[in-house]
Structure formats: structure tokens, C-alpha cells
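Report on one structure; see the data block that follows.
The values are calculated or read from the model by the stated rules, or taken from the named source; none is laboratory data. Small disclaimer: the values here were computed from a predicted structure and weren't measured. Every residue, glycine as well, gets a Cβ built from its backbone with ideal geometry; the counts of neighbours run over all protein chains shown. Only protein heavy atoms, including side chains, enter the accessible area calculation; ligands, DNA and RNA are left aside. Shrake-Rupley method; radii C 1.70, N 1.55, O 1.52, S 1.80 Å.
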6 protein chains.
Amino acid sequence: MTATPEEGRYLAIKMARLIIKITQPDAAERDKLRPIYAKDAGMLIAIGQTVAIEFSTIAAANNYWKK
Amino acid sequence: MTATPEEGRYLAIKMARLIIKITQPDAAERDKLRPIYAKDAGMLIAIGQTVAIEFSTIAAANNYWKK
Amino acid sequence: MTATPEEGRYLAIKMARLIIKITQPDAAERDKLRPIYAKDAGMLIAIGQTVAIEFSTIAAANNYWKK
Amino acid sequence: MTATPEEGRYLAIKMARLIIKITQPDAAERDKLRPIYAKDAGMLIAIGQTVAIEFSTIAAANNYWKK
Amino acid sequence: MTATPEEGRYLAIKMARLIIKITQPDAAERDKLRPIYAKDAGMLIAIGQTVAIEFSTIAAANNYWKK
Amino acid sequence: MTATPEEGRYLAIKMARLIIKITQPDAAERDKLRPIYAKDAGMLIAIGQTVAIEFSTIAAANNYWKK
């Protein structure tokens with residue numbers, strides 16, 4: 001649960017990153033991968049899809065921040 | 001929340017772009033990537049999928065703009 | 001909102017195309033890309049996924065065309 | 001709307017094929033593409049994803065065939 | 001409809017396989033493809049996505065196995 | 001059903017892994033694949049998408065852990 005949609009977006013990004021962390025627990029390996037996907041248009045788009053799916057769950061959980 | 005489905009579409013596109021911005025905060029790097037995905041049919045389609053997912057969340061949040 | 005599921009399908013295809021148009025506004029560039037994805041089985045399938053996601057939103061918005 | 005889940009599956013497959021047909025209206029071109037994706041494990045899996053999304057919409061539209 | 005979430009998972013896998021079967025009806029061809037995707041990490045992940053989508057439909061259809 | 005969203009995340013990851021296990025039942029083969037996807041940014045992102053889909057089902061099943 002988050003207070004605003006903006007916080008919901010950041011939670012979605014954090015959730016997407018946590019999965020990477022659990023699948024590849026070695027921080028040194030993750031540091032090697034970061035510059036690869038940060039410079040790859042296709043991978044950035046794929047990250048966007050993951051965050052979009054996570055956000056849709058968070059938005060529903062927060063009843064779309066309706067009062 | 002947006003007033004019309006059209007505004008919802010633009011918000012979906014903006015949300016998809018914001019994720020790219022957060023994952024690759026370096027504007028110069030993003031400028032290098034833009035011509036790559038803008039000329040790549042496969043990447044344009046993948047962007048379309050991301051926007052479609054974001055829009056489905058926005059549409060539900062707006063109760064499909066029903067009165 | 002569309003009157004029938006068939007119109008919903010066409011709207012889904014139109015929506016998927018509009019995203020491509022906004023991301024790549026240059027008509028000449030889009031004309032170059034069209035024959036690429038129209039002859040590529042993998043890209044046609046990916047377009048199908050995008051339309052499927054857009055259609056699911058449209059179908060929900062129309063309450064699945066139930067009376 | 002379909003009478004049974006099985007019919008829903010076939011409708012999902014038909015809907016996925018129709019998108020390909022609209023995007024690539026040239027039957028001769030589609031005939032060339034068919035053997036490509038039918039022998040490509042990755043593309044068959046991607047078709048499966050599209051059908052899965054279409055089916056989820058059809059299943060919801062039919063209220064999951066509950067009496 | 002299935003009695004338990006576990007049965008729901010197996011149904012999801014079965015449904016994902018059935019689509020492959022309908023798209024590539026030639027059993028000999030499917031036998032050739034099996035060792036390809038079973039040894040390909042990327043394809044195994046893609047199969048996982050398909051099953052995840054099918055399962056979400058089955059879970060909703062069973063009202064998440066709530067009493 | 002899980003007690004908390006955190007447990008829901010771990011269940012999502014477990015569910016994603018179980019599909020791989022059923023599709024590739026040979027543990028020795030899976031051990032060969034693990035270092036491949038753990039060092040591949042694109043595959044890690046794809047795993048993230050699968051977990052995101054599984055989690056959205058689990059979150060809905062738990063009514064988003066609302067009291």
C-alpha cells in the first residue's frame with residue numbers, strides 16, 4: 001500500500017529490482033550487468049514492461065488511490 | 001486519473017517513458033538510444049506492449065471513463 | 001466504447017498502431033519498417049500480443065458487450 | 001461468448017490468427033511465414049502467450065462458464 | 001475448474017502445451033523442438049510466462065480456491 | 001494464500017521456478033542453465049516479468065492483504 005500513485009511507481013520499480021537481486025544474489029555480478037541493460041534499448045523496454053505489470057498490481061491493491 | 005481515454009493514452013506513454021528515465025538517468029545515453037528503438041520494428045512493438053499494459057491500469061483506475 | 005466485439009478488435013489494432021505513430025512520428029521511417037515486420041513471423045506474433053492486451057482493456061470497458 | 005471453455009480456447013486461437021491476417025493481409029506471404037514459426041520453438045511459445053491473453057479475456061467475458 | 005491450486009497449475013501447463021499442439025500438429029516436429037526449448041534458458045522462461053498467464057485465468061475462474 | 005505481501009513475493013518466485021522444473025525435469029540440465037540466465041541481463045528481466053505476473057495473481061487471491 002502506498003499513499004500516492006507516484007510512490008506506487010517507485011514501489012513497482014523496487015519490486016522489479018528485488019526479483020533480479022533474488023535471482024542473482026551476487027552484487028558483483030549485478031554490477032557487471034547494470035551497464036549492459038542501461039545501454040540496451042531493448043532491455044530498458046523489457047524492464048518497463050515488468051514495472052508496468054508490478055504497477056498494475058499495486059494500483060489495484062490501492063484501489064487506484066480513490067478516496 | 002484523466003478526463004478522457006485520449007489523455008489516458010498519453011499518460012500511459014508518459015509513464016512508460018518515465019521508467020526508462022529512472023533506469024537510465026543519463027540524458028545523453030538516452031539520446032543515443034532513441035534513434036535505435038525508433039528505427040527498430042521489434043522495439044517499437046515492445047514499447048507498444050508496455051503502453052498497452054500501462055493503459056489497461058489507467059483505464060481501470062478511471063472506471064473506463066464511464067459516467 | 002464500441003458497439004460490438006468486432007469493432008473492439010479494430011479499435012485494439014488502431015490503438016496499437018497509434019503508439020507506434022507517436023513513438024516514431026516520421027511517416028517515411030514507418031513506411032520503411034512496415035515491410036520488415038509484415039514479413040517477420042516473430043514480430044507479427046508480438047503485434048498480436050499487443051493487440052490482445054489492448055483488446056482485453058476494451059472488452060472490460062464495454063463490460064464484454066453484455067446486455 | 002462461447003458455450004464451453006474448450007470453444008473459448010478455439011476462439012482465442014482464432015482471434016490470435018485474425019490479428020496476423022489483418023497485419024499481413026497477403027495470403028501468399030502468410031503461407032511463407034507459417035513453416036517458419038511452426039518449426040521455431042521460441043515463436044510457438046510466443047503464440048502460446050498471445051492465446052493465453054486472448055483466452056483470459058474470453059474467460060472473463062463468459063464469467064468463467066459458471067452457471 | 002479445479003479442486004486445488006496445485007491442480008490449477010497442472011491445468012495451466014496442460015493448456016500452454018495444447019496451444020503448441022494445435023499450432024504444430026505434427027508430433028514428429030514437436031519431438032524435434034522439445035530438446036531445443038528444454039535446454040534453452042530463455043525459452044524455459046518464456047514458457048513460464050505463458051503458464052503464469054494461464055494460471056491467473058484459472059485462479060480467477062476458481063475464485064482463488066476460496067471457500 | 002500467504003500471510004504478508006513479502007511471503008507472496010517468495011511464493012511468486014517459487015511458482016516461477018516450479019514451472020521450469022516441470023518443463024525441464026532433469027536437475028543436471030537445470031544446473032547447467034542456471035549460470036546462463038544468472039549472468040544474462042535480458043533473461044533476468046524476463047524472469048522478473050514472470051514473477052510479476054505470478055505475484056499479481058497471488059495478490060488478487062489474497063485480496064491485496066487488506067484486512
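General observations
- Charge dipole (chain D, unit charges on Cβ, about Cα centre) - positive-most of D:A27, D:T4, D:G48: D:T4
- Between 0 and 90°, nearest 10: helix B:41-61 axis offset from chain B longest Cα axis: 30
- Dipole in debye (nearest 20) - chain A, about Cα centre, beta carbon charges: Lys, Arg +1; Asp, Glu -1: 140
- Overall form of the protein assembly as shown per C-alpha gyration tensor (a/c, 1.5; a/b vs b/c): rounded
- Relative to the longest principal axis of the Cα atoms of chain B, the long axis of helix B:27-38 lies at roughly 80 degrees.
- Aspartates and glutamates with Cα under 12 Å of D:K32, excluding same-chain neighbours fewer than 8 positions away: C:D40
- The dipole here belongs to the protein assembly as shown: it is taken about the Cα centre, uses +1 on the Cβ of Lys and Arg and -1 on the Cβ of Asp and Glu, and is about 660 debye.
- Per-residue ellipticity at 222 nm, computed for chain D from helices alone with -39500 (n - 2.57) per DSSP H run of at least four residues, works out to -26000 deg cm²/dmol.
- Distribution of pairwise C-alpha distances over chain B, 10 Å bins, in %: 20, 44, 26, 9, 1
- 12 Å Cα-Cα reach of B:K21 towards aspartates and glutamates, excluding residues that sit fewer than 8 places from it in its own chain: B:E29, B:D31
- With label points defined 7 Å past Cα in the direction of Cβ, position B:K32 shows copy-to-copy spacings of 2.1, 2.1, 3.6, 3.6, 4.2 nm, given to one decimal and shortest first.
- 0 to 90° range, to nearest 10: angle between helix B:5-23 axis and chain B longest Cα axis: 40
- Position F:E6, label points 7 Å along Cα→Cβ, spacing to each other copy in nm (shortest first, one decimal): 2.8, 2.8, 4.8, 4.8, 5.5
- Under 17 Å from A:K66, Cα to Cα: aspartates and glutamates that are on another chain or at least 8 residues apart: A:E6, A:E7
- Nitroxide proxy distance, nm - points 7 Å out along Cα→Cβ at B:R17 and F:A27: 5.1
- Using a 1.4 Å probe over protein heavy atoms, the accessible area lost on pairing C with D, summed over both chains, comes to approximately 1900 Å².
- Relative to one another, the C-alpha centroids of chain D and chain C are positioned 15 Å apart.
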